[in-house]
1. For the list (1) hydrophobic (A, V, I, L, M, F, W, C); (2) more than 16 Å from the ligand (Cβ to nearest atom); (3) crowded, with 18+ Cβ neighbours inside 10 Å, I need the number of the one condition that Ala342 fails.
2. May I ask you to list the residues in the range 357-384 that are outside any loop (DSSP other than H, G, I, E, B) and over 19 Å from Ala152 (Cβ atoms)?
3. For the range 189-217, give me each residue that is without any contact (Cβ under 8 Å) to a residue 40 or more places away in the chain, buried (at least 19 other Cβ atoms within 10 Å of the Cβ) and more than 16 Å from the ligand (Cβ to nearest atom).
4. Condition test on Thr226, is it among the β-branched types (Val, Ile, Thr) and either surrounded by 14 or more Cβ atoms within 10 Å (Cβ to Cβ) or closer than 24 Å to Gln54 by Cα (or both)?
5. Under 7 Å by Cβ, and 6 or more places apart or on different chains, what pairs join a residue from the range 361-374 that is surrounded by fewer than 18 Cβ atoms within 10 Å (Cβ to Cβ) with one that is in a loop (DSSP other than H, G, I, E, B) and not hydrophobic (A, V, I, L, M, F, W, C)?
6. What do you reckon, is Arg390 touching a His at 6+ places or on another chain (Cβ under 8 Å), open to solvent by 30 Å² or more (accessible area, probe 1.4 Å) and modelled with pLDDT of 95 or more?
7. Mind telling me which of the residues Val88, Val10, Val106 ends up being more than 12 Å from the ligand (Cβ to nearest atom) and either touching a helix residue (DSSP H, G or I) at 6+ places or on another chain (Cβ under 8 Å) or acidic (Asp, Glu) (or both)?
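The values are calculated or read from the model by the stated rules, or taken from the named source; none is laboratory data. Computed from a predicted structure; not experimentally measured. Quick reminder, even Gly has a Cβ in these numbers, built from the backbone with ideal geometry, and neighbours come from all protein chains shown. When the accessible area is computed, the model is the full protein with side chains, heavy atoms only, and any ligands, DNA or RNA have been set aside. Shrake-Rupley method; radii C 1.70, N 1.55, O 1.52, S 1.80 Å.
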Amino acid sequence: MTRTHDVVGVGIGPFNLGLAALADPLDDVDAVFLDQRPGFSWHPGMMLDGATIQVPFLADLVTMADPTSPYSFLAFLKDVGRLYPFYVRESFYPLRSEYDQYCRWVADRLGTLRWGRRVVGVERAPGSDDLLVTAEVGAGSTATPRTETYRARHVVLGVGTAPRLPAPLAALAADAPAGAGPVVHTADYLPHRDALRASGSVTVVGSGQSAAEVYRDLVEGAGADTYRVDWVTRSPRFFPMEYTKLTLEMTSPEYTDHYRSLPGELRDLLGREQRALSKGISGDLVDEIYDTLYRRTAVGAELPTTLLTDTEVVAARTEAGGPDGDGEHVLTLRHGQTGQVAEHRTRAVVAATGYAGPGVPGFLAPGLARVDARGRLDVARDYTVDDAGRLHVVGTEEHTHGVTAPDLGFGAWRNSVVLAAVTGREPYPVERRIAFQTFGLPDGAPPPDTARPAVDVPTEATR
Ligand SMILES: Cc1cc2nc3c(=O)[nH]c(=O)nc-3n(C[C@H](O)[C@H](O)[C@H](O)COP(=O)(O)OP(=O)(O)OC[C@H]3O[C@@H](n4cnc5c(N)ncnc54)[C@H](O)[C@@H]3O)c2cc1C
């Protein structure tokens with residue numbers, strides 16, 4: 001008789017790893033988590049030296065749900081003997097490499113994680129609300145792949161997002177002939193860094209934190225006798241991430257309730273407008289880049305770099321080079337305000353063009369999950385996507401829940417909601433209100449007038 005787990009988690013990124021850590025001390029929760037990778041690894045392609053996470057250390061896997069958890073970031077520091085150095089460092093923001101190490105430390109202490117398992121099917125168990133999860137074991141390894149099936153009362157999809165390449169760059173990456181320089185997404189930056197630098201000229205395409213980090217990393221080594229580095233972005237400016245405290249209150253259950261009360265197309269518009277909340281560049285990094293450019297040109301040195309805003313890559317091709325591999329990528333650029341079009345030649349491209357959600361994961365049985373008119377998972381307030389309330393989503397519900405979805409700081413709250421559904425009680429208190437401000441008008445206000453004044457803020461998406 002197949003064992004029925006209370007929870008089967010699909011994907012073990014920070015969000016489901018947090019769920020595993022919060023479920024671990026609960027005697028009434030039998031959970032198992034599956035991931036296709038051989039072990040935990042957090043954005044290895046962007047594990048840049050000195051890079052920090054963008055949220056305070058309290059946004060670890062467990063603390064906001066259970067400050068006494070043995071799986072907290074502070075417990076990790078104590079265990080590895082780095083609590084005092086962290087204390088003396090007096091920064092709220094751990095290094096990205098530290099956060100990755102911390103997650104591996106937690107993963108090593110949990111007995112409920114199964115690596116090397118690619119989930120290929122989730123379906124309803126016949127005659128029950130339970131779910132059957134089928135995973136391929138050893139896919140991509142030499143062992144003959146076999147499958148395992150898990151039965152679960154609840155399944156939690158924490159499959160994360162995948163690198164997104166706009167069409168011109170996707171074609172370029174797919175067809176780049178031998179001899180032409182690399183065309184890579186930031187997710188694969190570090191493994192290609194040397195080849196990028198050796199190419200002679202690199203163009204970073206895109207805005208946001210990853211673009212800025214890669215540009216800064218490359219411009220530090222750029223030079224007349226080494227390579228040039230250019231930065232092209234569709235954004236009207238290199239805008240900073242917004243960190244002001246009243247804005248940060250939008251990462252709250254109340255704002256999520258408000259956001260969800262709005263019509264779908266208004267939510268989508270707001271989602272684009274609120275890019276500065278999670279898709280901008282940290283203000284410090286913007287200034288550090290300026291200071292680097294200032295310092296590197298202080299003694300009259302020419303720095304081979306161009307920074308272009310409001311500029312979109314509308315087409316791209318590769319001109320194969322001679323035997324010495326001097327192929328070039330030719331990007332057709334169009335300026336958003338002037339409409340000018342020009343060609344830009346470069347030997348290599350780094351696409352800092354973000355990540356896309358899974359849409360409706362292909363491994364879900366047809367009709368199992370609710371899907372909205374735009375073919376996206378229709379995620380309910382409690383993060384479920386099926387009418388039986390047994391299939392949950394964590395981390396990819398930005399289109400229904402707004403800015404809280406990708407935020408590491410909100411993972412523990414959401415996992416507390418999921419565990420409340422699994423256990424029928426609140427093993428971890430779920431705060432209903434955390435903000436000082438009120439979103440929408442206070443209760444008792446007259447019914448809404450959905451007519452909304454036109455937004456006059458120039459946003460990238462409206463170009
Ligand atoms: C470079 C970078 C830095 C970031 N820094 C921050 C930050 O500082 N603060 C912040 O709040 N957010 C940050 N984010 C955003 C976000 O928090 C992260 O993307 C986070 O990793 C999301 O966690 P996740 O658990 O949803 O998914 P992921 O970390 O993407 O993990 C998903 C897992 O699912 C597995 N998987 C997928 N499909 C299957 C399948 N079919 N079968 C089995 N396994 C599967 C994958 O192998 C993967 O391990 C950052 C994002 C990036 C790209």
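1. Failing condition for Ala342: (3).
2. Start the filter on the range 357-384 by keeping residues that are outside any loop (DSSP other than H, G, I, E, B), which leaves 364, 371, 377, 384.
Val371, the sole residue that qualifies.
3. Matches in the range 189-217: none.
4. Details: among the β-branched types (Val, Ile, Thr): yes; either surrounded by 14 or more Cβ atoms within 10 Å (Cβ to Cβ) or closer than 24 Å to Gln54 by Cα (or both): no.
It is false that Thr226 is among the β-branched types (Val, Ile, Thr) and either surrounded by 14 or more Cβ atoms within 10 Å (Cβ to Cβ) or closer than 24 Å to Gln54 by Cα (or both).
5. Arg370/Asp378; Arg370/Asp386; Val371/Asp378; Asp372/Asp378
6. Working: touching a His at 6+ places or on another chain (Cβ under 8 Å): yes; open to solvent by 30 Å² or more (accessible area, probe 1.4 Å): yes; modelled with pLDDT of 95 or more: yes.
Yes; evaluated as a whole, the condition is true for this residue.
7. Numbers: Val88 fails: either touching a helix residue (DSSP H, G or I) at 6+ places or on another chain (Cβ under 8 Å) or acidic (Asp, Glu) (or both); Val10 fails: more than 12 Å from the ligand (Cβ to nearest atom).
After ruling out the rest, the residue left standing is Val106.
So that you can scan it fast, the table gives a plain yes or no per residue for (1) within 19 Å of the chain's Cα centre (by Cα); (2) surrounded by 18 or more Cβ atoms within 10 Å (Cβ to Cβ); (3) of a type in the set (Val, Ile, Thr):
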| site | (1), (2), (3) |
| --- | --- |
| Val232 | no, yes, yes |
| Thr247 | no, no, yes |
| Thr251 | yes, yes, yes |
| Asp257 | no, no, no |
| Glu288 | no, no, no |
| Ala298 | no, no, no |
